[in-house]
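Everything below concerns the one structure shown next.
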Amino acid sequence: MQTSTTTPQNPKPKPEPNPTPKARPPPPTHRPAKRPLLHPPQTPRTIYISSRTPFVSAVKRAQRFLDTKSTTNITTTKGKGKGAADTKSAKAAKNVDVTLKASGKAIDMTLQVALYFQSQSGYVVRIRT
């Protein structure tokens, strides 16, 4: 019997992985800055009316919302030398939708507010149930 002695081949030693250094923790007084929103949030256009809401308060709330939105948009779109772009923006600024929501006994109050705005000139009222 013949025995052959072979020397075991030494495999290449594996390189030790280089651990990535850990970042230092921030100081206790440091707060991370939040990223800004990419667009401004849409303003809420919904007014909730309950059975206890007074009629005049509901009308004033809707009126205030409509007046402030239309005047601010028109004043910001006015400018010199823009021409037709201003008139389009001003027309779009006047088209502000306000939603009045109610349920139960408050539906009557909401219909009264809608009829009030329907009798006023310059407002378009749509009633959906």
If we ask which residues in segment 12-70 are farther than 14 Å from Leu100 by Cα, within 26 Å of the chain's Cα centre (by Cα) and loosely packed, with under 10 Cβ neighbours inside 10 Å, their number turns out to be 13
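Is it true that some residue in segment 122-129 is among the small types (Gly, Ala, Ser), modelled with pLDDT under 95, surrounded by 13 or more Cβ atoms within 10 Å (Cβ to Cβ) and outside any helix (DSSP H, G or I)?
no
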Of the residues in segment 93-121 that are free of Cβ contacts under 8 Å to residues at least 24 places away in the same chain and outside any helix (DSSP H, G or I), the one that is nearest to Arg45 (Cα to Cα) is Asn95
Sole miss for Gln63 among (1) at pLDDT below 85; (2) in a helix (DSSP H, G or I) is condition (1)
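The values are calculated or read from the model by the stated rules, or taken from the named source; none is laboratory data. Please read all numbers here as calculations on a predicted model, not as lab measurements. Reconstructed Cβ throughout: ideal geometry from the backbone, glycine too, with neighbour counts over all protein chains shown.
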